[in-house]
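Since every read-out is calculated from the coordinates, none of them should be taken as a lab result. Being a predicted model, the structure only gives us computed values, none of them experimental. Quick reminder, even Gly has a Cβ in these numbers, built from the backbone with ideal geometry, and neighbours come from all protein chains shown.
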Amino acid sequence: MNKIKNIDALILAGGKSSRMNFLDKALLKYDKNRNFLEKITDELESFENLMVSINKNQNFLIPRGTIVLDSCENLGPIEGIYQGLLHAKADFIFVTTCDMPNITKELVDFILQFASHEYDAIIIKDNNGKSYPLFGIYNKSSLSTIEGLLMDKNYRPQDLLGELNVKYISLKDTNFNPHILLKSIDTEEELKFNYIFMDHTPFIAVCGAKNSGKSSLIEQLLKHFKDANYKVETIKFTPEFNLNILDKKEVDLILLEGFEHESFPKIEVLKDGVSLSPSANQINLLFYASDSDEILKNPSIKSINLKDTISIFKEIVKITNL
């Protein structure tokens, strides 16, 4: 394999991870064999020079490359980018962060083709126009601007982009799914669902007792998704179901009907007069949809009113990061 020599790579791994109970994100489990840092390092195997930015309080081995330390603490990722540029052998550094473990070599190769001395930075935008300042290419020409922001104690990456000559690359007309590839894993709940959705189209099961209203709920949800311009399909329970079928669907989300005994992410419908006793597999239960005050007013149970299908729709969008 020909190594990339004209661009160095930098993985930002020095964050506090306060919303992850201060667990070091770089060391979080990604799959059976790798942690986040190992997964990302694998995707960056083409780079000859790889740097990992950490803070002075961290102490762990890295799979490959060299460690770059922050010179000042608590300045955020902008300090990591600054140190990466100072230590880079090439004029450019490709930057990514350790809390976006779903990035792929293909996505990295896509942005690398836009590297140019005409710009201080080349940054990805998703389908909705959101920019990702911690996934892109920075030119050493940006060093003086970063120094100025650090001196002004302005540590916001978005403000940095506002000061630079940036070329934005949209993923809107590509086959890349930014909702998955650029998903930032910031909480333990997001970590759990990332592991479930990894390498698959997002899917959620809607289950419940017979005549509980799960089919009606799915029908209403489909209307909401259609109104919001999402592509959603449904699959009813079958013993022959295989997760691989999800990858053949070119949709934003799949709603499964049934599957209450599987360890899939699920919503269980508890309907007054039918059944208020949960019977679904509790593993990866998202919440209950119920019309019963007994359920809805119980503070120990996460639930949404079955009649409030808009709120259920919004919660699904939030969970799946659509």
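Here are a few things to note about the model shown:
- Rounded FRET efficiency, nearest 0.05, which uses the C-beta distance separating N6 from K105 and R0 of 22 Å: 0.80
- Centroid-to-centroid separation of region 33-67 and region 98-164 [C-alpha atoms, Å]: 19
- If you wrap the tightest convex hull around every Cα atom of the chain and split its volume per residue, you get 154 Å³.
- Relative contact order, percent, region 211-322 [alpha-carbon distance under 8 Å, six or more residues apart]: 23
- Magnitude of the charge dipole, region 41-143, Cβ model with Lys/Arg +1 and Asp/Glu -1, debye to 20: 140
- Placed amide H near S303: partners under 5 Å, 5+ positions off or other chain: Y288
- Segment Y168-R156, extension gain: residue separation times 0.36 nm, minus the distance between their alpha carbons: 2.5 nm
- Spin-label pair L143-H117: with each label point 7 Å from Cα along the Cα-Cβ axis, the two points sit 1.5 nm from one another.
- S215/S300 FRET efficiency (R0 35 Å; Cβ-Cβ; nearest 0.05): 0.80
- Structure-based [θ]222 nm, the chain - -39500 (n - 2.57) summed over DSSP H runs of at least 4, per residue, nearest 500: -7500 deg cm²/dmol
- Cross-link check: pairs K130/K223; K29/K125; K29/K130; K29/K172; K5/K318; K105/K223 evaluated at a Cα-Cα cut-off of 32 Å; pairs beyond the cut-off: K5/K318; K105/K223.
- Each Lys or Arg adds one and each Asp or Glu subtracts one; over the other residues with Cβ under 13 Å from the Cβ of F36, this totals -3.
- Cβ crowding within 10 Å ranks E233, E73 as E73, E233, fewest other Cβ atoms first.
- With Cα atoms as the point set, the radius of gyration and Dmax of region 7-186 evaluate to 15.1, 44 Å.
- Proximal charge balance of K318 [Cβ under 11 Å; K/R count +1, D/E count -1]: -2
- When DSSP beta bridges are restricted to pairs lying wholly in the chain, around 20% turn out antiparallel.
- Region 200-320 - Kirkwood radius from inverse mean 1/r over Cα pairs (Å): 14.5
- Cβ-based net charge around S144, under 14 Å, with every Lys or Arg adding one and every Asp or Glu removing one: -3
- Counting neighbouring Cβ atoms within 10 Å and putting the fewest first, the residues T234, T96 line up as T234, T96.
- Sites L276 and D31, calculated FRET efficiency, Cβ-Cβ separation with R0 41 Å, nearest 0.05: 0.60
- Sequence-distant lysines (8 or more away, or on other chains) whose Cα lies within less than 19 Å of K297: K271, K307
- Length gained when the stretch K56-C72 is fully extended (0.36 nm per residue, less Cα-Cα span): 4.9 nm
- Overall, the chain carries a charge dipole of about 200 debye about its Cα centre when +1 sits on the Cβ of Lys and Arg and -1 on the Cβ of Asp and Glu, all other atoms neutral.
- Counted residue by residue at 0.36 nm each, then reduced by the alpha carbon distance between them, the extension gain from E233 to E250 reaches 5.2 nm.
- Summarising the strand pairing of region 119-224, around 50 percent of its internal DSSP beta bridges are antiparallel.
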